[in-house]
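Colleague: Structure incoming, see below.
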2 protein chains.
Amino acid sequence: MTTRIQKRNRKRILDAALEVFSAQGFRGATLDQIAAEAGLSKPNLLYYFDNKEAIHRLLMEDLLASWLEPLRAMNPQGEPRDEIMGYMRRKLQMSRAFPRESRLFANEILQGAPRLGDFIARDLRMLVDDRAALIARWSREGRLAPVDPYHLIFSIWALTQHYADFDAQIRLIRDGTDPLDGAEPFLERLFERLIAPEPRAP
Amino acid sequence: MTTRIQKRNRKRILDAALEVFSAQGFRGATLDQIAAEAGLSKPNLLYYFDNKEAIHRLLMEDLLASWLEPLRAMNPQGEPRDEIMGYMRRKLQMSRAFPRESRLFANEILQGAPRLGDFIARDLRMLVDDRAALIARWSREGRLAPVDPYHLIFSIWALTQHYADFDAQIRLIRDGTDPLDGAEPFLERLFERLIAPEPRAP
DNA sequence: AAAAATCTTGACTGGTTGGTCAAGTCTGTT
DNA sequence: AACAGACTTGACCAACCAGTCAAGATTTTT
């Protein structure tokens, strides 16, 4: 049974850990930093989680579901262009709402995916293969421009996650204005032009 | 005066440090890892560099020049579409030739640009502002499609660097094939379609 | 109110990390 | 060969780090 206090403190710890791990990576983060950020003592942290690894693992597990969902939500029965634009919009929305989660994921990949390797090679890969096949079919049917489906998916990842992962850089260049200002119409146009099929020869 | 041995060992150390820093970030990397990677003892490392910070700083300084150059090489007198496509191609080439440098930079930005903040807010920003103005002019003159110049530059960064920074992920999904396979034609097409001006109304 | 269960922390430990140093080895010059 | 300067390293140190523990404080249950 989990008490009221447990709920509150576990949440505090995970939020603090997300802040620190997403900025410093697993090795670069310390329990002292996380404890300070959470407003708890270090032994108290370890009363709620077995060790540093366990905190990180839980964050990762929470990440996984939300990471697959937008792509999984793509509907094979839908209108191709709406489905792809919808996926792009959902990913962009996630970068806006969960930038730290995006950076946590980026850190994991930069380090060579030591903890998420299995998930990526199995779950994510299966889903991507499936969606790539779907997009390839749509292209073959002339409902999308002929386009490499894997690179299309990667380009959606790259463009949407960039706004969260490189937030610090964009802020410094654009002098504090929200990095995502104007991003949505720009990306709409970009992908619209990329996937719009040429008018068919009669 | 720098001797033959100094030259060789400094290079070894910087190469090893690039390997470790780009994968672990500054805080996550240890001198022992770098020393092992370089095939030298730790005190020997510190015979050639004052401290950990100094090694990292030198890597960063080397990075700066090569980071600005492709954008600086954009020619205001050139043909707009060639200049933008050329810039994209140069950036992609850099991701192919220097993936570790790209990841080193990504790590720095993920951490909030603690060491490169000044450079970004001053040098990079000035250059980007200048090129953005150039692109805006080209758009106004009808030589490019009307497009937000900042987001155009960011999209080139996002798409080209993604192949270096998320290399581990792409490899796991594409089962070992070179992540950059097919990337160049895909990006050519993407940016070609994005910036091609609509035929003018007569 | 008192007992039980839960929560909190100061003080500690063993291992790691960045960095020092004195003593030794190697290399180039005469 | 012998000397000077350059290079290398084992042994060490203080600070930091993940994690432990016993003792006390707080909350919940009876």
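Colleague: Sort through A:Ala73, A:Ala54 and tell me the only one that's more than 14 Å from DNA strand C (Cβ to nearest atom) and either closer than 26 Å to B:Ser22 by Cα or within 14 Å of chain B (Cβ to nearest Cβ) (or both).
Modeller: Values: A:Ala73 fails: either closer than 26 Å to B:Ser22 by Cα or within 14 Å of chain B (Cβ to nearest Cβ) (or both).
Result of the check over A:Ala73, A:Ala54: A:Ala54.
Colleague: Tell me the residue from A:Ala164, A:Ala132, A:Ala145 that is open to solvent by less than 10 Å² (accessible area, probe 1.4 Å), in contact with a Ser or Thr (Cβ under 8 Å, 6 or more places away or on another chain), more than 9 Å from every other protein chain (Cβ to nearest Cβ) and under 28 Å from A:Arg81 (Cβ atoms), please. Show your work before the answer.
Modeller: Numbers: A:Ala132 fails: in contact with a Ser or Thr (Cβ under 8 Å, 6 or more places away or on another chain); A:Ala145 fails: more than 9 Å from every other protein chain (Cβ to nearest Cβ).
Residue meeting the stated conditions: A:Ala164.
Colleague: Which count do you get for residues in the range A:35-53 that are in a helix (DSSP H, G or I) and either near DNA strand D (Cβ under 8 Å from one of its atoms) or crowded, with 18+ Cβ neighbours inside 10 Å (or both)? Break it down stepwise before answering.
Modeller: Taking the range A:35-53 and keeping what is in a helix (DSSP H, G or I), we get A:35-38, A:42-48, A:52-53.
This time we only want the ones that are either near DNA strand D (Cβ under 8 Å from one of its atoms) or crowded, with 18+ Cβ neighbours inside 10 Å (or both), so: A:35, A:38, A:42-43, A:45-47, A:52-53.
Summing the residues that are in a helix (DSSP H, G or I) and either near DNA strand D (Cβ under 8 Å from one of its atoms) or crowded, with 18+ Cβ neighbours inside 10 Å (or both) in the range A:35-53 gives 9.
Colleague: Can you tell me how many residues in the range B:154-179 are out of contact with any helix residue (DSSP H, G or I) (no Cβ under 6 Å at 6 or more places or on another chain) and of a type in the set (A, V, I, L, M, F, W, C)?
Modeller: The total comes to 3.
Colleague: Going by what's in this entry, would B:Ala16 be described as open to solvent by less than 60 Å² (accessible area, probe 1.4 Å), within 23 Å of B:Phe105 (Cα to Cα), modelled with pLDDT of 95 or more and touching an Asp or Glu at 6+ places or on another chain (Cβ under 7 Å)? Break it down into steps so the answer makes sense when it comes.
Modeller: Working: open to solvent by less than 60 Å² (accessible area, probe 1.4 Å): yes; within 23 Å of B:Phe105 (Cα to Cα): yes; modelled with pLDDT of 95 or more: yes; touching an Asp or Glu at 6+ places or on another chain (Cβ under 7 Å): yes.
The answer is yes for B:Ala16.
Colleague: Oh, and also: Kindly evaluate A:Arg200 against the criterion of being of a type in the set (D, E, K, R), open to solvent by 30 Å² or more (accessible area, probe 1.4 Å) and modelled with pLDDT under 95. Even if it seems obvious, please write down each step before you answer.
Modeller: On the way: of a type in the set (D, E, K, R): yes; open to solvent by 30 Å² or more (accessible area, probe 1.4 Å): yes; modelled with pLDDT under 95: yes.
The answer is yes for A:Arg200.
Colleague: Only one residue in B:Asp82, B:Asp32, B:Asp62 is open to solvent by 50 Å² or more (accessible area, probe 1.4 Å), of a type outside the set (Lys, Arg), within 11 Å of DNA strand C (Cβ to nearest atom) and at negative phi, so which one is that?
Modeller: Values: B:Asp82 fails: within 11 Å of DNA strand C (Cβ to nearest atom); B:Asp62 fails: within 11 Å of DNA strand C (Cβ to nearest atom).
One residue alone meets the criteria, B:Asp32.
Colleague: Considering each residue of the range B:1-13, count those that are surrounded by 12 or more Cβ atoms within 10 Å (Cβ to Cβ) and either part of a loop (DSSP other than H, G, I, E, B) or at pLDDT 95 or above (or both), and give that number. Steps first, answer last, please.
Modeller: Quick first cut of the range B:1-13, residues surrounded by 12 or more Cβ atoms within 10 Å (Cβ to Cβ) only: B:6, B:9-10, B:12-13.
Narrowing the set further to residues that are either part of a loop (DSSP other than H, G, I, E, B) or at pLDDT 95 or above (or both) leaves B:9-10, B:12-13.
Qualifying residue count for the region: 4.
Colleague: Can you tell me how many residues within the range A:4-28 are within 14 Å of chain B (Cβ to nearest Cβ) and within 10 Å of DNA strand D (Cβ to nearest atom)?
Modeller: Keep residues of the range A:4-28 that are within 14 Å of chain B (Cβ to nearest Cβ), which gives A:18-28.
Now restrict to residues that are within 10 Å of DNA strand D (Cβ to nearest atom): A:20, A:24, A:26-28.
Summing the residues that are within 14 Å of chain B (Cβ to nearest Cβ) and within 10 Å of DNA strand D (Cβ to nearest atom) in the range A:4-28 gives 5.
Colleague: Any residue in the range A:20-42 that is closer than 14 Å to B:Phe26 by Cα sitting within a Cβ distance under 6 Å of a residue that is more than 10 Å from DNA strand C (Cβ to nearest atom) and aromatic (Phe, Trp, Tyr)? List the pairs, counting only those 6 or more apart or interchain.
Modeller: Close Cβ pairs satisfying both conditions: A:Ala29/A:Phe21.
The values are calculated or read from the model by the stated rules, or taken from the named source; none is laboratory data. From a predicted model like this one, the values you see are computed outputs, not experimental measurements. Methodologically, a virtual Cβ is constructed for each residue, glycine included, from the backbone with ideal geometry; neighbour enumeration extends over all protein chains shown. All accessible areas refer to the heavy atoms of the entire protein, side chains included, with ligands and DNA or RNA removed. Shrake-Rupley method; radii C 1.70, N 1.55, O 1.52, S 1.80 Å.
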